[in-house]
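For reference, the structure is listed below as structure tokens.
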Amino acid sequence: MPTSLHAVLPERDLKTDSRVGVSATPALSAPVTPEQAWALAPLIAGQPAYRAGRWVRGKFQYPGTPHKLTAVPPRAPAAVLIHDTAGRVTTLCLDLDTSKATKAVVDNDAERLGALLASCGLRYVEDFSPAGGRHLYVPLAEPMDGAEARELVAALARTAPSMDASPHQNPSTGCIRVPGTLHKRGGRQQLITPLSSAYDILRRRNPAGDVDKLRRALAPELRRNRQEAALRAKAAPSPLTPQKARDARSCTPTAGWQSPLRAIAQTGLFDTARHRTPSEARMAVLNHFAACGWTLDQVRGELTGQFRGLAALYQSPAQLSRLLEAEWAKALEFTASSQGKRTAPKSDTSPTKPTGGALSAVAVHQLVNDLENVLYAVLDARFQKYGREGIGLRFLIRGVLAYMRTMETDTLDVGCRTFALALGQHHSTVARLLHRLAQLSDGMVTKVADARHRNADVYLVELPQQYRELARDLSWRQGKIHAIRPVFRVLGPAAALAYEAIERSRLSPTTKEVAQQAKIGASTAERALAEMSALGMIRRDQDKRWYITHTTSLTQLAQRLGADQDVAAQLTIHRQQRAAWHAWLDRHHPDRQLAEADLYDPETDEYWPPPGMYADAAGMWNIRAAY
């Protein structure tokens with residue numbers, strides 16, 4: 001312990017206090033002098049050094065040579081270095097900044113991060129700045145490699161829109177203001193955690209086991225960051241020609257894709273050049289919610305969920321309660337009038353009306369049950385022989401059966417992009433797979449009409465004569481059949497097949513039985529099961545049998561993994577492509593005149609699926625009703 005700490009801490013504050021830090025409204029129970037607060041700096045810093053801050057070309061920075069820490073707080077704004085000379089970290093520094101989100105979002109993020117840290121047994125020290133920002137300091141008993149700390153802080157930033165992860169980005173210059181230091185606009189960084197508790201937390205640091213608990217809790221965010229980093233690295237040096245590279249980018253959602261309105265809803269910050277007031281900004285978000293098929297209850301649910309920034313655009317909870325319902329009614333009215341004025345369908349999957357077959361709804365459900373029996377008994381094993389193409393065929397036939405059950409029809413007359421959205425595939429891949437499915441399904445899927453103008457190819461689905469006895473002999477399986485649920489866009493097809501094998505099995509299977517039922521390799525099944533177990537999707541009992549963890553929401557997990565943004569990005573691309581195709585058709589129609597805004601608006605045309613829309617087979621197809 002630094003000798004100066006005894007000099008600045010009152011004797012009554014030196015008693016042991018093991019209370020875990022709790023986020024609260026900034027309030028000091030006892031006055032703390034800058035010297036007392038600054039005495040904590042050596043326990044937070046990675047090395048006994050700080051950088052003095054100054055304005056450089058209109059931006060406040062911490063350049064220059066580091067200065068040695070002393071018992072006296074610097075007379076200018078200062079930030080301590082958080083890495084040691086070897087690039088290791090002894091304290092995780094979480095910086096919640098009002099430049100990233102509004103103060104209300106910062107406070108909510110601090111509360112949620114505090115609850116997450118406490119649930120993992122981690123103690124932390126908290127302070128706040130005169131500008132409304134918050135800092136959370138998580139001391140580590142064992143130094144952590146800088147790259148590992150950077151990865152962990154970046155994962156935490158996924159859960160808090162207001163977090164600035166930059167202090168951990170650069171091992172040589174990464175720094176943070178600590179309690180007792182001056183702020184660039186006046187005032188000082190103030191402790192929220194009582195001084196005696198702060199000293200005890202920083203002295204009796206968090207063991208590595210509790211850090212591992214945090215790492216397990218952030219498994220979805222860690223995986224998402226690694227995947228996006230891999231995508232960026234893969235996309236950076238493109239050996240393609242410029243034209244082909246542009247075409248590839250136009251058909252592939254980029255890592256971390258996000259619409260401007262989603263950012264407003266998360267952070268509460270908006271472009272004043274586009275929205276002059278908070279009222280205009282929140283109405284833009286609400287209009288977008290309404291256009292994408294949200295309900296008022298779904299909006300209310302997300303105000304305390306991932307979109308606290310929208311709630312922060314209201315001056316107070318009382319104003320939110322008073323205005324939300326009225327503004328939602330205005331949004332619905334505006335959306336209805338705007339859609340009525342459009343001269344060209346803007347959806348990739350425009351609301352086509354299924355022609356329907358000769359079967360009743362009950363007969364269609366029975367037909368799907370029989371076709372499922374044929375799928376599991378015959379087609380899965382057949383398609384397995386075709387390698388990667390076979391995986392696509394297996395999920396395509398599942399998507400076809402899910403569509404049949406939802407729409408209660410045995411006729412498919414929708415475009416390839418409808419199935420591409422359900423499978424997470426490119427529409428050209430689906431077009432090729434549909435042709436192959438018609439060839440390899442022994443008459444189960446038959447093309448009966450070619451596409452023309454805005455109408456897609458038409459396929460008829462029926463039970464072939466040679467499989468009718470087999471379908472009758474096998475009992476129907478419980479549960480629903482799915483294509484690729486959004487979470488498996490991230491985890492991959494092997495995980496989807498393994499999850500289905502557990503979900504629809506009559507008895508809880510072992511790892512070997514999962515591999516056999518899912519028709520995948522044993523090692524592939526083991527990797528998929530281990531990853532899903534780490535994410536809390538499944539669990540294994542003492543008999544080594546696998547069960548579904550029903551308390552884990554696949555929809556929420558998909559959001560944490562970024563699958564919802566991938567779905568929205570793909571759907572937005574489809575809408576642009578469909579609008580361009582419709583525009584081409586209308587240019588050859590003498591009675592149709594289109595304005596530029598009728599084709600594509602870069603903000604309002606970003607599609608934002610409502611929560612739970614992709615939770616089940618029916619939800620996957622309700623997207624068609626949103627246009």
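Per-structure values
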item: Region 474-570: GluC sites (Glu not before Pro) in DSSP loop, at most 15 other beta carbons within 10 Å; result: none
item: Hz values of 3J(HN,Hα) by residue in region 526-533 - Karplus curve (6.51, -1.76, 1.60), Gly and Pro given as x; result: 4, 5, 5, 5, 5, 5, 5, 5
item: Sequence-distant residues sharing a close amide H with Gly133 (under 5 Å, placed H); result: Thr98
item: Environment charge of Leu463, counting only residues whose C-beta is closer than 15 Å and scoring Lys/Arg +1, Asp/Glu -1; result: -4
item: Glu462-Thr295 FRET efficiency (beta carbon distance; Förster radius 30 Å; 0.05 resolution); result: 0.20
item: Förster radius 45 Å - calculated FRET efficiency between Arg75 and Ala534 (Cβ-Cβ, nearest 0.05); result: 0.35
item: In Hz, Karplus ³J(HN,Hα) per residue of region 504-517 (6.51, -1.76, 1.60; θ = phi - 60°; x = Gly, Pro); result: 10, 6, 6, 10, 4, x, 7, 4, 5, 5, 4, 4, 5, 5
item: Total formal charge among the other residues, if their Cβ is under 12 angstrom from that of Gly146, Lys/Arg +1 and Asp/Glu -1; result: -2
item: Zone residues, region 76-98, relative to Ser172, backbone N less than 14 Å from point 7 Å out along Cα-to-Cβ; result: 85-87
item: Inter-site label distance for Thr510 and Glu469 at 7 Å from Cα along Cβ, in nm; result: 3.5 nm
item: Region 478-550: chymotrypsin sites (Phe, Trp or Tyr not before Pro) in DSSP coil with no more than 15 other Cβ atoms inside 10 Å; result: none
item: Inter-probe distance in nm under a simple model that places probes 7 Å from Cα toward Cβ, at Ala381 and His365; result: 3.0 nm
item: Per-pair calculated FRET efficiency, R0 = 45 Å: Ile548 and Arg274 via Cβ, rounded to 0.05; result: 0.50
item: Spatial separation of Cα centroids for region 36-105 and region 140-195, in angstrom; result: 8 Å
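Here, each number is a calculation from the coordinates, and none is a lab measurement. The structure presented is a predicted model; accordingly, all values stated were derived computationally and were not measured. Backbone-built Cβ (ideal geometry, glycine too); neighbour counts: all protein chains shown.
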